[in-house]
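Peer 1: This structure is in structure tokens; I'll ask about it shortly.
The values are calculated or read from the model by the stated rules, or taken from the named source; none is laboratory data. Remember, it's a predicted structure, so these values are computed and weren't measured experimentally. Note that each Cβ is placed from the backbone with ideal geometry, even for glycine, and that neighbours are counted across all protein chains shown.
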Amino acid sequence: MGFNVAIDGPAGAGKSTIAKLVAAEEGLVYVDTGAMYRGLAVYFLGLGISAEETDRLAAACREVTMEIGYAGSVQQVYVNGENITGRLREESVGNMASRCAAVPAVRECLLDLQRRLAKTQNVIMDGRDIGTCVLPQADLKIFLTASVETRARRRYLELKEKGVACDLEEIAADIRERDERDSTRKTAPLKQAADAVLIDSSDLSIEEVVAVIASLCREKRKTPN
Ligand code: CDP
């Protein structure tokens, strides 16, 4: 088993930014599980399947192969051998990912791959259910959150910087909707693990959050579970 760090939390909490920086500092491989759900969403959209057609989703999952690779430190997602990383951040893909992530067969399809990656290397893995379901034995679990207002503002600034026209209120509404869907679904809902360290980043800088997690990593490596 590698040294495993789980980071869970709601949309826009900054998990991927933080996880990438901690990975670089602590020599861990960053595994973005949201990108895997997004990868399956690209595949389902290509097949013309909607998130409500659960039988078709399950059948499609039985046919698909997913692999994760790295270009430098940037995670690449391969679906049936094709690198679809460039499409992952599309709005329609994010929506489909969030909807189909509630379907048990879809979650099942990714579980094995996620566990295999954590077994063979030292990882920091981010998602919604890493500390509770995927890696319940993780050496360190973090639940990273922030207020809806803060998360919406961060997304808004990120999109504006990319030159994407957007509305702060619409982003906040979308975040509330995702929070609701992620935390109320029956399978693997978003939930803080009992042994996770809670970090509310509303009033913390990226550097401050990274410093806290990196120091927890070093502590755990000295005195493993
Ligand atoms: O960018 P955002 O935080 O909205 O999402 P993401 O981390 O890229 O993940 C896309 C979607 O997949 C999320 O909206 C979640 O509903 C779902 N997801 C999940 O259910 N479990 C995970 N371990 C990771 C993502």
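Peer 1: Inspect the stretch 2-23 for any residue being outside the structural domain of ARG153 (by TED's automatic domain parsing) and of a type in the set (Asp, Glu) and give the result as yes or no.
Peer 2: The answer is no; no qualifying residue exists.
Peer 1: Now a separate question. Limited to the stretch 70-125, what total is found for residues that are within 26 Å of ALA214 (Cα to Cα), more than 17 Å from the chain's Cα centre (by Cα) and in a helix (DSSP H, G or I)?
Peer 2: Going through the stretch 70-125 one residue at a time, the tally reaches 2.
Peer 1: Quick check on this structure: which one of ALA152, ALA165 is without any contact (Cβ under 8 Å) to a residue 40 or more places away in the chain, among the aliphatic types (A, V, I, L, M) and under 30 Å from SER92 (Cβ atoms)?
Peer 2: ALA165
Peer 1: If you don't mind, there's one more thing I want to ask. Taking ALA173, is it surrounded by fewer than 19 Cβ atoms within 10 Å (Cβ to Cβ), within 16 Å of the ligand (Cβ to nearest atom), of a type in the set (A, V, I, L, M) and under 20 Å from ARG99 (Cα atoms)? Explain how you work it out, then say what you get.
Peer 2: Values: surrounded by fewer than 19 Cβ atoms within 10 Å (Cβ to Cβ): yes; within 16 Å of the ligand (Cβ to nearest atom): yes; of a type in the set (A, V, I, L, M): yes; under 20 Å from ARG99 (Cα atoms): yes.
Yes; evaluated as a whole, the condition is true for this residue.
Every residue, every condition in (1) within 30 Å of GLU149 (Cα to Cα); (2) surrounded by fewer than 20 Cβ atoms within 10 Å (Cβ to Cβ); (3) among the β-branched types (Val, Ile, Thr), yes or no:
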position	(1), (2), (3)
GLY27	no, yes, no
VAL42	yes, no, yes
ILE49	no, yes, yes
ASN83	no, yes, no
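Peer 1: Run LEU198 past the list (1) modelled with pLDDT of 95 or more; (2) within 14 Å of the ligand (Cβ to nearest atom) and report the number of the one that doesn't hold.
Peer 2: Just one mismatch for LEU198, condition (2).
Peer 1: State all residues of the stretch 1-40 that are more than 8 Å from the ligand (Cβ to nearest atom), in a helix (DSSP H, G or I) and among the small types (Gly, Ala, Ser); if no residue qualifies, say none. Let's see the steps before the verdict.
Peer 2: The first filter runs over the stretch 1-40 and keeps only residues more than 8 Å from the ligand (Cβ to nearest atom), leaving 1-7, 9, 14, 17-31, 39-40.
Restricting the remaining residues to those that are in a helix (DSSP H, G or I) gives 17-26, 39-40.
Answer for the stretch 1-40, where residues must be more than 8 Å from the ligand (Cβ to nearest atom), in a helix (DSSP H, G or I) and among the small types (Gly, Ala, Ser): ALA19, ALA23, ALA24, GLY39.
Peer 1: When the residues of the stretch 129-148 are narrowed to those that are more than 13 Å from the chain's Cα centre (by Cα) and part of a helix (DSSP H, G or I), which ends up farthest from the ligand (Cβ to nearest atom)?
Peer 2: VAL148
Peer 1: Among the residues of the stretch 32-43, which ones are more than 10 Å from the chain's Cα centre (by Cα) and farther than 12 Å from ASN80 by Cα?
Peer 2: Hit for the stretch 32-43 is ALA41, nothing else.
Peer 1: Right, next: Yes or no: GLU207 under 17 Å from ILE18 (Cβ atoms), at pLDDT 95 or above and loosely packed, with under 12 Cβ neighbours inside 10 Å?
Peer 2: In short, yes.
Peer 1: What are the residues in the stretch 77-122 that are of a type in the set (S, T, N, Q) and more than 15 Å from the ligand (Cβ to nearest atom), if any? Spell out how you get there, then give the answer.
Peer 2: Step one: of the stretch 77-122, the residues of a type in the set (S, T, N, Q) are 80, 83, 85, 92, 95, 98, 114, 120-122.
Hits for the stretch 77-122 are ASN80, ASN83, THR120, GLN121, ASN122.
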